[in-house]
Each structure stands twice: as C-alpha cells, then as structure tokens.
Amino acid sequence: MRFIHTADWQIGKVFKQFGSKEETLRQARLGVIERIGKLARENGVAHILVAGDVYDNEAPNSITLRAPIERMKAFADLHWHLLPGNHDPHRPEGVWDRVSQVGLPEHVHLHLTPTPFLLSDGACLLPAPLRRKTEFDDLTAWMDNAATPPGALRIGLAHGAVINFASEGEASNPIDPTRPAKAKLDYLALGDWHRTRQIGPAVWYAGTPEPDRAGGQERGSALLVEISGPGAPASVTPLFTGTYRWLTRTERLSDGSELPDLDQRLRSEQDLSRLILRLRLEGTLPLAAHAELQRRLVDLEAAVFHLDLDQTALIARPTEADLEAIDFDGVIRRSADRLKTIADDHAQGAETRRRAENALIELYTRVVDQQRHGEAA
Amino acid sequence: MHIKALTVEGVGRFASAAHIDGFSEGVNVLAAGNEAGKSTLFRAIRACLFARHDSKGQDIRDLGSDDSQLPATVQLTFLHDGRTYVIKKCFLRSPSATLTENGREIARSKQADEAVWDLLGLSPGSGRTLDDGAFGVLWVGQGASSGVPVPGPAASSVLNSAIASEVGALIGGERARQVVEDIGSELRRYLTETDRPKSDGPLHRAIGEVERWQAAETEAQGKLAALEQQFEKLLQLRQRHQQLTDPASVGQLTQELVEAKNSLADAHSSAQEIRRFEAEESSAKRALDGASQRLRQFCDLTERIDSSRQNEAGLMNVLPEQQAHEHEARAALLRTQEQIAGTEKQRVALSAREQQLEKLSGATVRALRKDDLARQLEALERAAKELLQIDAQLAQLSIKQKNVDDVDELERQIATLDAQLSAAAAHLAVDVNAAGVGRVHIGSALAKDTYSAPVVAPTKVTVGDLAVITITPAPNPGHETRQSVDAERALLLRSIGVASSAEARALLSKRRDLDGNRKAVLAELKTLKVTGDPTSVIAKTKSDLAETDAIISVALADAKIQNLPSNKEIEDEKLELGQQRASLEARRANLEGTRERQQESIEKIVATRSGMESKLELVRKSIADDTALCPDAERAARNAAFVADVTTAETAHQTAASVLSAKRQTAPDAAEMERREARCQRLEQALGNRQSDLIELEREIGRLTGQIQTAGGDGVGEDLAAAREQRELAERERTRIEERVAVLKLLRDTVSGCLTEGRERYYEPVRRHLRPFLNDLFPGAELELGDGFAITGIRRDRPETFTRLSDGTQEQIAVLVRLAMASMLAERGHTVPVILDDALVYCDDDRIKRMFDALIRAGKQQQVIVLTCRLRTFAPLGGHTLRVRVSSEGG
C-alpha cells in the first residue's frame, strides 16, 4: 500500500507584507497540488491523504473555494482524501458544505464524520475531522473501537497537536501519540505542525507542502508512505514540493570586516530569486561599516524574492575615524559628539539612545556619504 | 583707508570740475541744500572704488552729466597703510583708469580697477558694476539708512576674517546650516509648522492608512464574529430540529392523544344520557307544578268569594255613620267663614281712619310752616322794593371818581397858574381915608380902609366920580394858559352835569352812599337765600303758601272737622288704632287656621266615604265575577277533581327523579370531564406546537443557512486576514515614519543648537564693539544677530523683533551696527570710512543728539563722512566741515 501524506495546504492564505508579490505566493500554494499529483503518479500512488487545513480559513471566497478542487480535477486517476482541520472545521453550512454544494468529482472524498472509509486496495481510512476550531477531547479516540474489515490496513487521519507537543502546535486539539498502538493503526497521518516530523514509528506530521512563515520549515514537502501489510512498519520518504524557501538567519557583526563574507554566504544560497530571507543582525558596527552594510542590503534585497530585515539588535557605534569623517571640528562635529554622548549614556532610555544612534547615522549619511557621492560624481 | 580728496567732472550736475578736499580722519560733514549734488558725489566715490572703468551699466550711465560731452571723471585720493593713493577713472567716453601710489602710477585700466580691490581686501568680482562688498555695508545711501546691513559674501569675508582672528573660524557653519535646511525640508514633507502631520504628507497618509485598515479589520472581525455566531446558532437549531423530528417521541405523544380522545368521548356519551333523564324529570316536575297550581287557584277563588261577602256586609254597616260626620263638618266650616268676613270689615274701617290721620298729620305740619313762609315773603318783597329804588337812583348818577380827580387836577393847575400870575403882576394898594370912604370902588366892589391885591386882570378903580382909573397888567403868556385850563375845567364840569367841583364831589359822595345801601340789601337777600333775581323766589313762596292752604282744607274736609287737631291728639289716636289692628289681625289669623283645619277634616271624611263606596262597588263586582266562575253549586265537585290531578302528577315525577339520580351516580362528574378535555387540548397543543416549532425552526435554519452561505461566499475570512495584515503593515509604516521624524527632529535640534552656540560665540566680537554705540542710545540693550550678521532683534526689557521697531529706531540701530563693524575692522587695521548720505531722517531731538555722540565716538577710530541737507539740525554735530568747490571758484 502506497499513499501520499500531506497537510496544511492553507489555500487562500494572504501575504500582504509581500505587496505586489502576494499573488505569486498564493498561486504557489495552489501549484503545489499539481506537484503532489505529479509526484503521486510518478510514485504509483493512488491515494493522497490531506490531514486537515486544506483552506486557510472557513470562509474563503468562491474562487478560493473552487481553486483546489479544480486543480484536483486534473488528476482524476488519484483519490484525494480531504479532512477538515482547525482552520477549516466542518460545521453545518460551513466551508465543507459549500464544497459539497459546488459538486465534487468522485475521486475527491470529504471525510466529514468519524466513519471508516474503505480504500480501494485493502486499507481502511479512519478519519477524525474537526467540527470546531478548538476541541478539548481527543477526536482520534473513536479509532480504538472502529471496526474495519479483517486484514485491512488501519490508517488514521487526524489534525491537531500531539500531547506534549501542544505548546508547539497551532491549536490545542489534542491527539494521543500512542493512538496507533491503542487503535492498532498501521499509520497515523497528522496535520497542523508546519514542519515534517516523525512523532512515533507510525506517527508523522507531513508539514506544509509550501511554507508560509519564517521560523517554520524551509522547504515545502509531502510524505510518500509505503506499508507492505498489516503490522508492517511504514516506510516514509519526504518529497519536496515547495516553490519558495523560507530561510531565517541570525548574523552577528562586530566591526564590519564580516560584511564581504556575510554577503557571499547569503548570495551562495540556492535559487536566490525564490528565497524568502528573514535576516536578523546583531552586534555593533562603526558608522562607515553600517553605511556599507546598508548598501549591501539594498543589493541583497534586489537579489532575493523577499528580504525581511531585523536590525533592532544591531548597534551603530561611531569610531573616531567615523567622527573625523564627519568633521574634525566645528558645528557638525560638535553635533555628532553630542549625539554620541546621548547614544552612549546608559542613564538614558533605550528608545532615546536608539534614536540618538539613528540620528548619528543619519548625520553621517548626509555629511559623509553625500560628500563621497558628490566627489564621485 | 581714509579719503583725502575727491574731484569730479562731467558727473551729474557737476559738468565742470568740482573738488572736495580737506577730509579729516574723524567726522566730516558736508552740509548743503537739496540738489546740491551730495548724492552724486556719493555715487561717484562708489563708482571710482568699485566699478570697472569700462562698465556700461545703468549705474554708470546715470553718473554722466546730461549736457556734457566730456567723460564722467572721478578722482579719489585716499590713504591706506600709510601710503597715499590716487585712483582716477574716466567713464562712458574714452574710459580709462589709473592708480598712483605716493605719486607713482602703479596700475592702469583693468589692473587699476582690481588693484584698488586688492588694496581693500576684496576679491575681484566678475560682471559686477558696483561691488556690494564690505564698503557697501558701511556706506549708507540716501534713503537706505534704515535697511538692515546684510553684508554680501565679500563683506562677510572681510568681517569673518576680522572675527576669526579673535575667536577662530566658525568651521562647518555653512554645512550645518545646509544640514538643518535639508532636514527641515524633509521634515516639512511630514509635518506642518506646528509639528502636526502635514495633510497629504507621508505621515498623514500612514496614519490614515492605519485608521482605514483598522476600520476594515474591525468590520471584517464583526462579520466573522457574526458568522461564528450563526454557525453556533445553526448547530443548536439543527440539534433542536433533530429532537423535534424524533419518531419515538412523536409516536408516544400521538398515542396519548388517541387515548385521551376516547376517554373524552365516553364521558360525552354519559353526559348526553343524563341530559335526556334530566329533561324527563323536568317534564314530570312541570306537570306536578301545573296540577298543584290549578288546585291552589281554585282554593284561592273560593276563599276570595267568601271574603268579599264578609267585606260587603261590613261596609254596608259603616257607610251611613260616615255620611253624618261629613254633614256636621261642613256646617262648622260655614260658621267660621262668616266670622272671617266680619273681621275683614273691621280691618277696612281701621285703614280708612288711619289714612285720615295721616292727612291731618301732614296738614298740621304744613300749617306750622305757613307763618314762616308769610314772614319770608314779606321780607323778600320789602328788600326787592328797596333794591329797585336804589338801582333807579344810581342810574341817574353817572359821576365817577375819575371825573372828580380830573377836575381836581385842573383846579390845581389853575391855582398854580394864578399864583404864578399873581407873583408876576403889579400890586394894587389903595388906602381909603375917611373922605374916600364909600367913594372908592375897585371894580364893582367898594373899597374900605385898605385894599391890597395883585393886578392880574384889567382892574378899574373908580374914585367917585372923580376918576376911573384902569389898571391893565402887562401881557403874560400865563394868562392864556390859565384861560385854556379854565375852559377845559368848565367843559369837564359840563360833561358830568355839574356847575362846580364842589357839586361834583357832593354827587360822588351820594353815589358812594347808594352803593353802600345796595350792598346791604343784597346781603339781606342773601340771608333769605336769594342770590339772583328775587322776583322768582317771591313767586315760589307765594305758591307754597297757596298749596299749604289747600292741603289743610282737604284734610279738614276729609275728617269732617273745622279745626286741625293737635299733633298729640293725632299720635294718641294712631296708637289706639294700631292696637286695634293688632288684635284684629290675631283674631283673623286664628280664624284662618280653624277654617283650614275644618276643610282638611271635610276632605278626609269625603275621601273615606268615597273610598267606602268604591270599595263596596268593587266587592260586589268581585263577588259577581267569582261566582260566575265558580257557582256555589259546583264548588265541592270541582275541588275533588283538582285534588286527584295533583296526586297523579306527584307519582310520575318521583319515578323520573329516581332514574336520573341513579344515572348521575355512575357517570363521570364535571371535574373529570374537564380533566379529560384539558388533557386532549394539552396533547393537541403539544403536537401543534411541535409542528409550529418545526416550521419556524426550518425557516430559521434556512435563513441562517442563506446568511452563512452569503458570508462564506464573500470570503469574509480572507478579508479579515487581509485587513489584519494590511493594518499591521500600515502600523509598521506609521511607526517607521514616526521614528524617522523623531530622528530627524533630534538631528535638526542638535545641529541647530550647536550652530546657535557657535554663532553666539562668533558674533561676540561684533557685539562687543557694538555695545558702546548701542548704549549711547539704548542703555543696557543687546542686539540679536542672525545668519550673515543680520539683525534679528533687540533685547531691552524684553526681546523685540527688529522689523517691529519704529522706523526711526530701526534706522538708528542700523547706523550703529555699521559704526560697530567699522570700529571692529579699524581695530584690525581695516579702516574704512562710514559715509552717511542724508541719514538719520527719523531721529527726534533727543535721539539725534545721542547719535551725534555715537558718530563722534566712531570718528575717534575711523573716518565718518556725513552728507546732509539739514544744515541747522546737523550743526551741533561739530566735526570738520567740507565744501564743494567748482572750478570757477577754485579758478
């Protein structure tokens, strides 16, 4: 028995912080369905189990509602098993009733009740659909006593947080990680956790096929699962499905000498144009290096798909050379000295110091950088 | 630099050569009237020092004389660094320039122009006709003295170099100003002058975006919350719908209803049977009641016949007695009525007598007044007669007091005239001796003894027949006057009808007596209450007397007596008549009461008798009617038949009542019936309610379903997520801009602060030099200098903006600043002249004296040249007096 385990498509998610690139990311989430379909065909898979959160919310507009169904229609030889998750729980007249009313093709199956579903090749699917965003009971408990045909594989399909992992999960919907043993499951396909993760011998989170946030998985993936028979261990192989990589880096700077190396390292990442980079910079920099960093960052931003920059922990520390570059003496120099005094004064509040620091950078930029640019011109 | 001499030719009004020499190092004053050419000389000095000799600028073209074909030539001699320089420039025609140093030419043409600038420490300008440099600061053109001295770049350079040697250079000042200006420019994109977000600026837009997306998020949240509620509601409704459509529950309720209805039908059947038995019992009861009633009616009839017969006998016995009582009562009433008629006659007689007494009483009163009236009539008639007589006498006396006064006046005039005539006349004295006695006549009178009198008229003295001596007085105008007055008196006496004044006075006295008598008669009439004509009063009095007589005669005739009785007699009889009337009235009232009681008694007796007769008639009719219904012969048989009917009906009723009672004991009672009906209603209502609830529920489910589908179709979830992210983005952008603005403001304030501090330090030398000059006019005041030495304000008791000061004060300060700058330059070897062309025009008397002090103070260090047309005003300035010499003067 082979099937693909995927979850957390979250079709319809918005990415307003990306501005004009938003639609690209939205389309990428839809495109992943086709990639999964192709991977299924390539791997001789007939069933694709989606462990919840097909939609990002339970009130999508009519286009968003239809878009994934339309993508699946192109793969009529595959059976798509869709499970409501905490983002799209099944409620009367909710998103799934709307999907049903749209008219589903026969190869797309909605599992809206905890009822065993016999898969075509001797396996029985035990779904645990969510009926609300937050459940306080373990909805997989019914699987313990679920009757399935003799000799059939028992495959659980659920969405929620495995107990003891709740703090990392998105919702509190608890799932007992020992459920496979209690319910004699050959595999428990889970969704909700946006990172591919094995919880137990036969318990996996598939992760999202297209990442949607920093701090999660870098690349989107689905799982190819193969089980030779009842009681046999599951063979799980990750399949990369994502278009965009979400990379998070934290870099420490001290004097600016690291800048070329940092630049090179970041630029050596694969597919820069599909890289969504969250870069957090820490440490201190002289003003000249700070200005140099800003120029490099402007270039880097143009190179990647999106650069999310966090410089709140990066401190600009003017050196004597910086100050002399501003002026040796006179009004401008006295202004710079005064701002530096404020920035170095630990009796001042953090905001005041930070503001003085930025004012100093601004002064440096206006006086030195513009002067250099003027000379260059 | 000290100017020593100036020569112009072909310049302005100076077509021929004009010279000024003898400039001193201190204060120089050139005082001349208007259009003397002072300003021309001023422009000539400027052109000579700062204009290129070949300049064709308007300033240079204006310099030339209108009627001169010569070039405009200016030659200026000045001392600089101990050397004497002469710069001579010819403008417009054959332009040329030469510069000599201690009599030796050191430059010519363009080199000469620029050599002068080098001497003065100025950079050569290009394309400038007149330099606006340091000397422009110190030279004050006509009408420009109140302008704030703002040095140009070159001027600033000179001043800066002077100051820098003292305090060091103001390094970076210009860059700092540029930075402040640039930041200000950027801040103005964000903020207004009052530091509020500028409309349509980035910050304003960012704030607007945040508010817009907050509103959108709130709206989407509201919709989503509503959707969530609808989901919950729909879930509850679906559960309720499931409960209502549960078949087991519905079946049980339906079965209960069937059983309840059957039970109720049984109860209704029993009730119907009871109602039938009740009808039968009621029928039997009605039959019994009918038989009993007929028996009672028969018994009542027989009893009534017997009773009527007894009543008839009783009435027949009582009626005659009643008729006798009636007759007796009517006789008593007749007697009473006769007595009442007797009293009425007595009352009429009494009234007649009382009327007679009233008339006699009135006549008596009138008789008493009759004598008074007669006496009054007599007095009236007498007074009227006297008044008539007096008025007749007065009518004949027309003399008045004035007439007498006029006569007296004329007589006084005559007496006066006589005295005057006598005094003036000759005096006639005759002594008649014994022989002449009787023979001598003076006039017609016989003279005796002696005669002595003035001769005022021709007088004849007859001496017997011896002689007639006529003595005629001399003519005198007084005689004519006297005759005229005398004639006037005679005329007056005739007009009042008297012969002499004595007679006039007598008549006047008589008239006064008559007037007094008349007043006395009028006073008497007034006491008789007569104010006007007494005739009418007399007539009325006579009429009253006649009326009184008539009244008395009538009263006597009525009383048939001859004389009037006395008042006492009349009052006594009135008293007696009153007593009789009271007694009569009492008796009359008593009789009236008796009569009424008798009438009432008769009415009662008549009524009783009539009632008896009517009753007897009715009884007899009743007996006849009743016996017609039940003849005495059939009474017994009929009674037996009625009794038998009652017995039969009683038996039938008892049977029906027994049957009804037995049925009632076995049938459900009313409470039970009510319970069964209530149960049926309850169950039917429950089923109906369930159906209604179901319909309502399905309608509500349909409505909610529609709403949810609509909201879902609108993509409210996506909308909320989008609005939230947009709001977060907008907030980040707003925060970024706010932080940017805060950083820029901090930088601007820091640089501005440093710039201000530096400038304050830098300008201190200027202030130091300015202070003594300023204190000459404004003790204790400090000037505030801005960029480029510009005066921005003055601080006396409080800060004041320079442009808000009066014109005079502005002008004075502007001149003082120039003096201070020149003083500072002089201290550092850059001596420059200060030239004031018709300045200080707004000074009052006090200020101009102080300004003179300041100019003298300045003259100790530098050359000050004052050009003025106000000779008298500037006389107290002192200084060295300059004169313009034209070539003809100088020869």
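The values are calculated or read from the model by the stated rules, or taken from the named source; none is laboratory data. What you see is a predicted model, and the numbers here were worked out from it, not measured in a lab. Glycine gets a Cβ as well: all are built from the backbone with ideal geometry, and neighbour counts include every protein chain shown. Each accessible area value is taken on the protein alone, full model and side chains, heavy atoms only, with ligands, DNA and RNA left out. Shrake-Rupley method; radii C 1.70, N 1.55, O 1.52, S 1.80 Å.
Under the condition of being open to solvent by less than 10 Å² (accessible area, probe 1.4 Å) and touching a Leu at 6+ places or on another chain (Cβ under 7 Å), which residue from segment B:742-758 is farthest from the other protein chains (Cβ to nearest Cβ)?
By that ranking, first place goes to B:Leu744.
I need a count of the residues in segment A:279-306 that are assigned to a helix (DSSP H, G or I) and either farther than 21 Å from A:Arg213 by Cβ or within 13 Å of chain B (Cβ to nearest Cβ) (or both). If you could, list the steps in order and put the result at the bottom.
Taking segment A:279-306 as the starting set, the residues that turn out to be assigned to a helix (DSSP H, G or I) are A:287-303.
Filter again for either farther than 21 Å from A:Arg213 by Cβ or within 13 Å of chain B (Cβ to nearest Cβ) (or both), leaving A:287-299, A:302-303.
Final tally of qualifying residues: 15.
Has segment A:85-100 got at least one residue that is away from chain B (no Cβ under 14 Å) and in a loop (DSSP other than H, G, I, E, B)? Step through it out loud before you land on a result.
Restricting attention to segment A:85-100, the residues satisfying the condition of being away from chain B (no Cβ under 14 Å) are none.
No, the conditions are met nowhere in segment A:85-100.
Results for (1) under 30 Å from B:Glu613 (Cβ atoms); (2) of a type in the set (A, V, I, L, M, F, W, C); (3) more than 60 Å from the chain's Cα centre (by Cα), shown as yes or no for each residue.
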{"position": "B:Gly222", "(1), (2), (3)": "no, no, no"}
{"position": "B:Lys261", "(1), (2), (3)": "no, no, yes"}
{"position": "B:Ser292", "(1), (2), (3)": "no, no, yes"}
{"position": "B:Pro320", "(1), (2), (3)": "yes, no, yes"}
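Report the residue count in segment B:244-253 for those that are without any contact (Cβ under 8 Å) to a residue 24 or more places away in the chain and either outside any helix (DSSP H, G or I) or surrounded by 13 or more Cβ atoms within 10 Å (Cβ to Cβ) (or both).
First, pick out the residues of segment B:244-253 that are without any contact (Cβ under 8 Å) to a residue 24 or more places away in the chain: B:246-249, B:251-252.
Then keep just the ones that are either outside any helix (DSSP H, G or I) or surrounded by 13 or more Cβ atoms within 10 Å (Cβ to Cβ) (or both); that gives B:246.
Adding up the residues that qualify gives 1.
Check B:Ile794, B:Ile848 and return the single one that is closer than 15 Å to B:Arg768 by Cα, β-branched (Val, Ile, Thr) and free of Cβ contacts under 8 Å to residues at least 40 places away in the same chain. Even if it seems obvious, please write down each step before you answer.
Numbers: B:Ile848 fails: closer than 15 Å to B:Arg768 by Cα.
Of B:Ile794, B:Ile848, the one residue that is closer than 15 Å to B:Arg768 by Cα, β-branched (Val, Ile, Thr) and free of Cβ contacts under 8 Å to residues at least 40 places away in the same chain is B:Ile794.
Taking segment A:307-333, which residues are open to solvent by 50 Å² or more (accessible area, probe 1.4 Å), part of a loop (DSSP other than H, G, I, E, B) and in contact (Cβ under 8 Å) with a residue 24 or more places away in the chain? I'd like the intermediate steps shown before the answer.
Keep residues of segment A:307-333 that are open to solvent by 50 Å² or more (accessible area, probe 1.4 Å), which gives A:308-309, A:312, A:315, A:317, A:319-321, A:324, A:328-329.
Still in the running and part of a loop (DSSP other than H, G, I, E, B): A:317, A:319, A:328-329.
Selection gives A:Arg317, A:Thr319.
Do you know which residues across segment A:338-350 are at the interface with chain B (Cβ under 9 Å from one of its Cβ atoms) and surrounded by fewer than 22 Cβ atoms within 10 Å (Cβ to Cβ)?
Within segment A:338-350, A:Arg338, A:Ile342 meet the criteria.
Among the residues of segment B:775-808, count how many are in a helix (DSSP H, G or I) and more than 28 Å from B:Glu174 (Cβ to Cβ).
Applying the first criterion (in a helix (DSSP H, G or I)) to segment B:775-808 yields B:775-777, B:787-789, B:802-804, B:807-808.
Now narrow it down to the ones that are more than 28 Å from B:Glu174 (Cβ to Cβ): B:775-777, B:804, B:807-808.
Within segment B:775-808, residues that are in a helix (DSSP H, G or I) and more than 28 Å from B:Glu174 (Cβ to Cβ) number 6.
Filter segment B:696-714 down to the residues that are farther than 14 Å from A:Val99 by Cβ and within 10 Å of chain A (Cβ to nearest Cβ), then identify the one that is modelled with the lowest pLDDT. Show your work before the answer.
In the first step, residues of segment B:696-714 are kept if they are farther than 14 Å from A:Val99 by Cβ; the result is B:696-707, B:710-711, B:714.
Now restrict to residues that are within 10 Å of chain A (Cβ to nearest Cβ): B:701, B:704-707, B:711, B:714.
Working: B:Ile701: 87, B:Leu704: 85, B:Thr705: 83, B:Gly706: 82, B:Gln707: 81, B:Ala711: 74, B:Asp714: 77.
The residue in question is B:Ala711.
Which members of segment A:195-217 meet the condition of being touching a Lys or Arg at 6+ places or on another chain (Cβ under 9 Å) and within 14 Å of A:Ile276 (Cβ to Cβ)?
A:Thr208, A:Glu210, A:Pro211, A:Asp212, A:Ala214, A:Gly215, A:Gly216, A:Gln217
Taking segment A:183-230, which residues are over 20 Å from A:Leu126 (Cβ atoms) and open to solvent by 40 Å² or more (accessible area, probe 1.4 Å)?
Answer for segment A:183-230, where residues must be over 20 Å from A:Leu126 (Cβ atoms) and open to solvent by 40 Å² or more (accessible area, probe 1.4 Å): A:Arg195, A:Thr196, A:Arg197, A:Arg213, A:Ala214, A:Gly215, A:Glu218, A:Arg219.
Yes/no per residue for (1) within 30 Å of A:Ala288 (Cα to Cα); (2) part of a strand (DSSP E or B):
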| residue | (1), (2) |
| --- | --- |
| A:Ile199 | no, yes |
| A:Pro211 | no, no |
| A:Val236 | no, yes |
| A:Ser257 | yes, no |
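Exactly one condition in (1) assigned to a loop (DSSP other than H, G, I, E, B); (2) closer than 30 Å to B:Lys542 by Cα is not met by B:Ser398; state its number.
Of the numbered conditions (1) assigned to a loop (DSSP other than H, G, I, E, B); (2) closer than 30 Å to B:Lys542 by Cα, the odd one out for B:Ser398 is (2).
Tally the residues that are surrounded by fewer than 16 Cβ atoms within 10 Å (Cβ to Cβ), of a type in the set (Val, Ile, Thr) and more than 22 Å from B:Asp486 (Cα to Cα), restricting the search to segment B:416-462.
2
When A:Thr113 is evaluated against the numbered criteria (1) touching a Lys or Arg at 6+ places or on another chain (Cβ under 6 Å); (2) open to solvent by 10 Å² or more (accessible area, probe 1.4 Å); (3) of a type in the set (Val, Ile, Thr), which criterion, by number, is the only one it fails?
Among (1) touching a Lys or Arg at 6+ places or on another chain (Cβ under 6 Å); (2) open to solvent by 10 Å² or more (accessible area, probe 1.4 Å); (3) of a type in the set (Val, Ile, Thr), A:Thr113 violates only (1).
Taking the options B:Arg768, B:Arg761, B:Arg732, name whichever one is within 12 Å of chain A (Cβ to nearest Cβ), within 20 Å of B:Val817 (Cα to Cα) and either outside any loop (DSSP other than H, G, I, E, B) or touching a residue at least 40 places away in the same chain (Cβ under 8 Å) (or both).
Just a single option satisfies the conditions, and that option is B:Arg761.
What do you reckon, is A:Lys133 part of a loop (DSSP other than H, G, I, E, B) and either crowded, with 20+ Cβ neighbours inside 10 Å or within 26 Å of the chain's Cα centre (by Cα) (or both)? Spell out how you get there, then give the answer.
Working: part of a loop (DSSP other than H, G, I, E, B): yes; either crowded, with 20+ Cβ neighbours inside 10 Å or within 26 Å of the chain's Cα centre (by Cα) (or both): yes.
Considered against the rule, which asks whether it is part of a loop (DSSP other than H, G, I, E, B) and either crowded, with 20+ Cβ neighbours inside 10 Å or within 26 Å of the chain's Cα centre (by Cα) (or both), A:Lys133 comes out as yes.
Just to be sure before I move on: is A:Glu292 within 19 Å of A:Arg252 (Cβ to Cβ) and not assigned by TED's automatic domain parsing to the domain that holds A:Gly216 in the structure I sent? Spell out the reasoning first.
Values: within 19 Å of A:Arg252 (Cβ to Cβ): yes; not assigned by TED's automatic domain parsing to the domain that holds A:Gly216: yes.
Yes: the conditions hold for A:Glu292.
Could you check B:Gly717 against (1) over 30 Å from B:Gly201 (Cα atoms); (2) open to solvent by 70 Å² or more (accessible area, probe 1.4 Å); (3) modelled with pLDDT of 85 or more; (4) at the interface with chain A (Cβ under 9 Å from one of its Cβ atoms) and say which number it fails?
(2)
Output the qualifying pairs, or none if there are none: Cβ atoms under 7 angstrom, residues six or more apart or on different chains, first residue in segment B:100-116 and free of Cβ contacts under 8 Å to residues at least 40 places away in the same chain, second residue surrounded by fewer than 16 Cβ atoms within 10 Å (Cβ to Cβ).
B:Thr100/B:Ile106; B:Glu101/B:Arg83; B:Asn102/B:Arg83; B:Asn102/B:Thr84; B:Glu114/B:Pro124; B:Ala115/B:Ile106
Given the criterion touching a residue at least 24 places away in the same chain (Cβ under 8 Å) and closer than 15 Å to B:Thr666 by Cα, identify the matching residue among B:Glu256, B:Glu280, B:Glu273. Let's see the steps before the verdict.
On the way: B:Glu256 fails: closer than 15 Å to B:Thr666 by Cα; B:Glu280 fails: closer than 15 Å to B:Thr666 by Cα.
Answer to the selection: B:Glu273.
If we keep just the residues of segment A:18-33 that are in contact (Cβ under 8 Å) with a residue 60 or more places away in the chain and either of a type in the set (Lys, Arg) or within 13 Å of another protein chain (Cβ to nearest Cβ) (or both), which is surrounded by the fewest Cβ atoms within 10 Å (Cβ to Cβ)?
A:Lys21
Being among the hydrophobic types (A, V, I, L, M, F, W, C), closer than 25 Å to B:Leu224 by Cβ and under 59 Å from the mean Cα position of the chain (by Cα) is the filter here; which residues of segment B:724-746 pass it? First the steps, then the outcome.
Looking only at segment B:724-746, we keep the residues that are among the hydrophobic types (A, V, I, L, M, F, W, C), and these are B:729-730, B:737, B:741-744, B:746.
Add one more test, that the residue is closer than 25 Å to B:Leu224 by Cβ, and what stays is B:729-730.
Listed by number, the list holds a single entry, B:Ala730.
Of the conditions (1) outside any loop (DSSP other than H, G, I, E, B); (2) open to solvent by 60 Å² or more (accessible area, probe 1.4 Å); (3) within 30 Å of B:Asn517 (Cα to Cα), B:Ala499 satisfies every one except a single condition; which number is it?
That leaves (1) as the condition not met.
Out of (1) more than 9 Å from chain A (Cβ to nearest Cβ); (2) more than 22 Å from B:Pro197 (Cα to Cα); (3) in contact with a Pro (Cβ under 6 Å, 6 or more places away or on another chain), what's the single condition that is false for B:Ile737?
(2)
Those residues that are more than 14 Å from every other protein chain (Cβ to nearest Cβ) and without any contact (Cβ under 8 Å) to a residue 40 or more places away in the chain, I need them from segment A:34-72; list them, please.
A:Lys38, A:Ala40, A:Arg41, A:Glu42, A:Ile69, A:Glu70, A:Met72, listed by residue number.
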